[in-house]
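Engineer: First the structure, which I've put down as structure tokens, then a few questions once you've had a look.
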Amino acid sequence: VRSDIVFTPPLSALAAIAGDPLWALGIVSTLATEFDMDFIFIAAGVALFAAFAGYAALLRRI
Amino acid sequence: MNIQGWAEIATTIGLSVACGWPLGIYMARVWDGKVRWLAPVEAVFYRASGVDPEKGQSWLAYTISFLAFSTAAFLFLYAILRLQQHLPLNPGGFAGFTPDLAFNTAISFVTNTNWQFYSGESAASHLTQMAGLTVQNFASAAAGIAVAAALARAFVSNRGTSLGNFWADLVRITLYILLPLSIVVALVLCALGVPQTLLGHVDANTMEGAKQAIALGPIASQEAIKQIGTNGGGFFNANSSHPFENPNSITNLIEEVIMNMLGFACVVAFGRLVGVAKEARALLIVMVIMVGAAAAGIYVAESQPTPAVTAAHVAPGPNMEGKEVRFGAPSTSVFAAMTTGASDGAVNGMHESLTPLGGGIAMFMIHLGEMLPGGVGSGLYSIVLMAILAVFVAGLMVGRTPEYLGKKIEAKEMQLVMLATLILTVSVLGFTGVAVVLPMALKTLSTTGAHGLSEMLYAYTSATGNNGSAFAGLGTSPYLNVTLGIAMWLGRFGYAVPVLAIAGTLVAKPRLAPTAGTLPTHGALFVGLLIGVILILAGLQFFPALALGPIVEHFQMLQFVASH
């Protein structure tokens, strides 16, 4: 492995993030066009975790 | 087989225990709140989140905190995966994950499973790898260790109510254990040739004159926590068999050792904190015996030439299909045993290419409950549950009320132990049973017959056990993404929630001094009893399925030889 490809200084990462201001626009666009499927999977994910919170409450009765 | 192979297996397991021991002593001090050299940094987190680290939580509050944190982590990671094409640090220009794949991957990393239905180098941006996946490697590992710490405090307590504070545990375990270890290991891996860069790829000229793009990225930092936190999800699809994740035999040894190190350390920490060093040593011995036996079994199976090769009159040698020639049969065998015993899931060879018995042993290691030494934290609380079951069985045999580490084990604890144990069986066998009759699931298999069943059984076993290694051969589909996601979730929280409920009952009980009627839980008798309970429980649950998969396949292989 060449030494120049092994390590990139952290400042380069910050510069890359700061240099791309259009990313927020893309997020809004994706949310607007594909929200239906995302809604299902986000709701399913949250419901799965909420179900276990309910399960924990039920275990108190044992 | 040769002496070098056996020495490698013994050295690897021995080094894991040797590194885990002092780390466990240090970890006990972290669990006890005695390590505070980064107190100002801790304070920043507490102030920002409004947490009082000194305020103890009941088991239910601790559980809700654990679940709330995991829910937030799921949502955060899901968003990154879906939106990565719009986010920075995406030199490859990768599109966002599909919704079902993002669902699967988010649950996978939040539950410390790291099942990967994608190729990291051709699907995940640097931001996804660093801010999404690697962050969850820390967070899920810390959450698992926090649950183990809470269980340990339940044994320490004498008629108490508090299991500690989940948020304080999370911060301290990350700051004092996972981060320092990961920084050191990442630097060592970097020095040994593992890349750590934000470049997307370099172009190479092949011998034929073609251009080949060789993927690069922040690999060393992810590799370190991948193994330390028993996560297992690699930067590359080929995982630790890829030369950039695992360039040489030294990095291979390091990755094997650190994969089990924290699992053993948790047991030592438990012994120190509860003041039961001898009993913890017995648990450690059980782990070492069983992971050693599995490594030996896989090594014996993989060192033989396959019957088909012998029948073809090819020069005999070990089964090298799917193995890196840099590592050979012994390294692959011990890696396979340790990664399936540790709930890690990283691989340095393809498990589907193991012989039927070799692959069957790897799968059975996950069936045993991921406690040998198991995932960080989860391995400890899983084997403590088995120890509770063992003293209960012993109590039935001699007609006494069972006790473990000074706490009486009564009907309530046993009901919770069985709830935790049975959830794994229900998930593994239930989902596999449905998948092998559903056309939409069957069409994802690369083969049929016994090996096809093994592929499907391994997938749901790995997901439910929060292991994450794949038998390979299984194609991705929305059905598998969703059901494997649910299996991972059941395996993590279906087990951890009853564990915390048990901690909640134990914390309120008085701590009793041992009497003449107390079963000793530190001697050879208890070690044998515990091994027997673990083997019998898993055997009763999973042997019929294994008999139809790898065991049948083994006899089919022998029949092939006989017919040629």
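The values are calculated or read from the model by the stated rules, or taken from the named source; none is laboratory data. A quick note: this is a predicted structure, and the numbers were derived from the prediction, not measured. Positions of Cβ are backbone-derived with ideal geometry, glycine not excepted, and every protein chain shown enters the neighbour counts. The accessibility values were calculated without ligands, DNA or RNA, using every heavy atom of the protein model including side chains. Shrake-Rupley method; radii C 1.70, N 1.55, O 1.52, S 1.80 Å.
Engineer: Before I look further, what does the stretch B:456-544 give for accessible area per residue, probe 1.4 Å, in whole square angstrom?
Structural biologist: 30 Å²
Engineer: Within the stretch B:18-117, list the trypsin sites (Lys or Arg not before Pro) lying in a DSSP loop whose Cβ has at most 14 other Cβ atoms in a 10 Å radius.
Structural biologist: Of the trypsin sites (Lys or Arg not before Pro), the ones in loops of the stretch B:18-117 whose Cβ has at most 14 other Cβ atoms within 10 Å are B:34, B:36, B:55.
Engineer: Moving on. For the protein assembly as shown, which whole-number percentage of the solvent-accessible area (1.4 Å probe, protein heavy atoms only) is attributable to carbon and sulfur atoms?
Structural biologist: 69 percent
Engineer: Add +1 for every Lys or Arg and -1 for every Asp or Glu among the other residues with Cβ under 11 Å from the Cβ of residue B:362, and state the total.
Structural biologist: Net charge in that neighbourhood comes out at -2.
Engineer: Next question, about the same structure. Just flag the GluC sites (Glu not before Pro) in the stretch B:195-265 sitting in loop per DSSP whose Cβ has no more than 10 other Cβ atoms within 10 Å.
Structural biologist: Working: sites: B:208, B:223, B:245, B:255, B:256; in loops: B:208, B:245.
Within the stretch B:195-265, the qualifying GluC sites (Glu not before Pro) (loop, at most 10 other Cβ atoms within 10 Å) are B:208.
Engineer: Follow-up. Using a 1.4 angstrom probe and counting only protein chains, how large is the accessible area of residue B:425 in Å², to 10?
Structural biologist: 20 Å²
Engineer: So how strong a dipole does the protein assembly as shown carry about its Cα centre when Lys and Arg Cβ are +1 and Asp and Glu Cβ are -1, to the nearest 20 debye?
Structural biologist: Approximately 2080 debye in magnitude.
Engineer: Rounded, prolate or oblate: which fits the stretch B:311-382, taking a ≥ b ≥ c as square roots of the Cα gyration tensor eigenvalues, rounded meaning a/c under 1.5, else prolate when a/b beats b/c?
Structural biologist: Prolate, because a/c is 1.5 or more and a/b exceeds b/c.
Engineer: Additional query: If you average the C-alpha positions of the stretch B:267-313 and of the stretch B:10-56 separately, how far apart do those two centres end up, in angstrom?
Structural biologist: The stretch B:267-313 and the stretch B:10-56 have Cα centres spaced 27 Å from each other.
Engineer: Does chain B come out rounded, prolate or oblate by the C-alpha gyration tensor, with a ≥ b ≥ c the root eigenvalues, rounded set by a/c under 1.5 and, if not, prolate when a/b is larger than b/c and oblate if not?
Structural biologist: Values: a/c = 1.60, a/b = 1.20, b/c = 1.34.
Oblate, because a/c is 1.5 or more while a/b does not exceed b/c.
Engineer: Starting from the stretch B:257-328, pick out the GluC sites (Glu not before Pro) whose DSSP state is loop and whose Cβ has at most 16 other Cβ atoms within 10 Å.
Structural biologist: B:321
Engineer: May I pose another question? So, with +1 on the Cβ of K and R and -1 on the Cβ of D and E, and no other charges, what is the size of the charge dipole of the stretch B:358-510 about its Cα centre, to the nearest 20 debye?
Structural biologist: Taking the Cα centre of the stretch B:358-510 as origin, the dipole is about 260 debye.
Engineer: With Cβ to Cβ distances under 15 Å as the rule, what net charge do the other residues near residue B:412 carry (K, R +1; D, E -1)? Walk me through the numbers before you get to the answer.
Structural biologist: Working: positive: A:60, A:61, B:407, B:408, B:509; negative: B:403, B:410, B:413.
That sum, taken over residues with Cβ under 15 Å, equals +2.
Engineer: Between the stretch B:223-265 and the stretch B:385-416, what's the alpha-carbon centroid distance in Å?
Structural biologist: Going from one Cα centre to the other spans 37 Å.
Engineer: Of the options B:67, B:154, B:205, report the single residue whose Cα projects farthest towards the positive end of the charge dipole of the protein assembly as shown (beta-carbon charges: Lys, Arg +1; Asp, Glu -1).
Structural biologist: Comparing the listed Cα positions along the dipole, B:154 ranks first.
Engineer: Could you sort B:408, B:509, B:211 by accessible area so the largest value comes first, with the probe set to 1.4 Å?
Structural biologist: The ordering from most to least exposed comes out as B:211, B:408, B:509.
Engineer: Can I ask one more? Output wanted: per-residue J couplings in Hz (rounded whole) for the stretch B:175-186, from phi through Karplus 6.51 cos²θ - 1.76 cosθ + 1.60, θ = phi - 60°, x for Gly and Pro.
Structural biologist: Going residue by residue, I get 6, 9, 10, 6, 5, x, 4, 5, 4, 4, 5, 4 Hz, with x marking Gly and Pro.
Engineer: Separate question: Below 8 Å, C-alpha to C-alpha, sequence gap of six or more: please give me the relative contact order for the stretch B:189-295 in percent.
Structural biologist: Value for the stretch B:189-295: 19 percent.
Engineer: Kindly identify the stretch B:200-311 as rounded, prolate or oblate by the Cα gyration tensor criterion: order the square roots of the eigenvalues as a ≥ b ≥ c, call it rounded if a/c is under 1.5, otherwise compare a/b with b/c, prolate if a/b is larger, else oblate.
Structural biologist: Oblate shape, in that a/c is at least 1.5 and b/c is the bigger or equal ratio.
Engineer: Something else: List the residues, sorted by chain then number, that are 5 or more residues from residue B:201 or on another chain and whose placed amide H is less than 5 Å from its amide H.
Structural biologist: Amide H to amide H, under 5 Å and 5 or more residues apart or across chains, residue B:201 pairs with B:216.
Engineer: Quantify how strongly other chains surround peptide B:118-131 by giving the mean number of their Cβ atoms within 10 Å of each of its Cβ atoms. Could you put the intermediate results ahead of the total?
Structural biologist: On the way: counts 0, 0, 0, 0, 0, 0, 0, 0, 3, 4, 0, 0, 1, 1.
Mean shielding by partner chains, rounded to a whole number: 1.
Engineer: Once phi is turned into ³J(HN,Hα) by the Karplus curve 6.51 cos²θ - 1.76 cosθ + 1.60 with θ = phi - 60°, what whole-Hz value does each residue of the stretch B:287-292 show in order, with x for glycine and proline?
Structural biologist: So the Karplus estimates, Gly and Pro as x, are 4, 5, 4, 6, 6, x Hz.
Engineer: Over the stretch B:259-385, calculate the relative contact order: mean separation of alpha carbon pairs under 8 Å at least 6 apart, over the residue count, as a percent. Intermediate results must be reported in sequence, preceding the final value.
Structural biologist: Working: 189 pairs, mean separation 38.3, N = 127.
In percent, rounded to a whole number, it is 30.
Engineer: Moving to a separate point now. Using θ = phi - 60° and the Karplus relation 6.51 cos²θ - 1.76 cosθ + 1.60, list the HN-Hα couplings for the stretch B:468-473 in order, rounded to whole Hz, with x at every Gly or Pro.
Structural biologist: Per-residue couplings from phi come out as x, 6, 10, 6, 6, x Hz.
Engineer: Per q in 0.08, 0.09 Å⁻¹, report the Debye log10 I(q)/I(0) for the protein assembly as shown, using one uniform scatterer on each alpha carbon and no solvent.
Structural biologist: So the normalised log intensities work out to -0.54, -0.69.
Engineer: Can you compute the charge dipole magnitude of the stretch B:7-144 about its Cα centre, using +1 on each Lys and Arg Cβ and -1 on each Asp and Glu Cβ, nothing else charged? Give it in debye, rounded to the nearest 20.
Structural biologist: So the dipole magnitude of the stretch B:7-144 works out to roughly 280 debye.
Engineer: Let me ask something else about it. What percent do you get for the relative contact order of chain B when only Cα pairs under 8 Å and 6+ apart count?
Structural biologist: Here the relative contact order equals 20 percent.
Engineer: Just how far, in whole angstrom, is the stretch B:93-109 from the stretch B:494-542 if you go by their alpha carbon centroids?
Structural biologist: For the stretch B:494-542 versus the stretch B:93-109, the Cα centre distance is 38 Å.
Engineer: Computed on protein heavy atoms with a 1.4 Å probe, what is the summed buried accessible area for the chain pair A and B, in Å² to the nearest 100?
Structural biologist: In total, chains A and B hide about 3500 Å² from solvent.
Engineer: Determine the order of B:240, B:563 by accessible area, beginning with the largest, at a probe radius of 1.4 Å.
Structural biologist: Greatest to least solvent exposure: B:563, B:240.
Engineer: So what is the calculated 222 nm ellipticity per residue for chain B, using -39500 (n - 2.57) for each DSSP H run with n of 4 or more, over all residues, to the nearest 500 deg cm²/dmol?
Structural biologist: After summing the helix terms and dividing by residue count, I get -20500 deg cm²/dmol.
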